[in-house]
Amino acid sequence: MFWQWTALALATLTLLPAGVALVTGRVPDRIRTRPAPIRPVGWALLAIYAAAPLNAVPRLAGAPDSVTLTATAIGGMAAVAGCVLLAMATRSTASSAS
């Protein structure tokens, strides 16, 4: 249980602020020079972050196995959707730059 709290805290401290900052457009200048679109990258980070609480919270709350499995599956789908969104955003930028 200690590792679940640790992983949830680490994901919250790293991915959540970065994703929110990118979605709202508050980005450091060194990142603005990159050709990737900023907002889709932020949404992708938030979707990937969603897997952490969807996996950890039901386990920490002592939910039944069916609830935990369902929440973990939804978190996995959110992470895959975030990865696909990130790949599409990066690919569209790379193809338009060529």
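The values are calculated or read from the model by the stated rules, or taken from the named source; none is laboratory data. Owing to the predicted nature of the structure, the values given are computational and were not obtained by experimental measurement. Quick reminder, even Gly has a Cβ in these numbers, built from the backbone with ideal geometry, and neighbours come from all protein chains shown. We work out accessible area using only protein heavy atoms, side chains counted, and drop any ligands, DNA or RNA first. Shrake-Rupley method; radii C 1.70, N 1.55, O 1.52, S 1.80 Å.
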Of Gly82, Gly75, which residue is more than 23 Å from Phe2 (Cα to Cα) and open to solvent by less than 40 Å² (accessible area, probe 1.4 Å)? Gly82
For the list (1) part of a helix (DSSP H, G or I); (2) of a type outside the set (D, E, K, R); (3) modelled with pLDDT of 90 or more, I need the number of the one condition that Ala63 fails. (1)
Pairs please, first residue from region 70-92 and in contact (Cβ under 8 Å) with a residue 40 or more places away in the chain and under 11 Å from Pro40 (Cβ atoms), second anywhere and assigned to a helix (DSSP H, G or I) and open to solvent by 80 Å² or more (accessible area, probe 1.4 Å), Cβ atoms under 6 Å, 6+ apart in sequence or on different chains. none
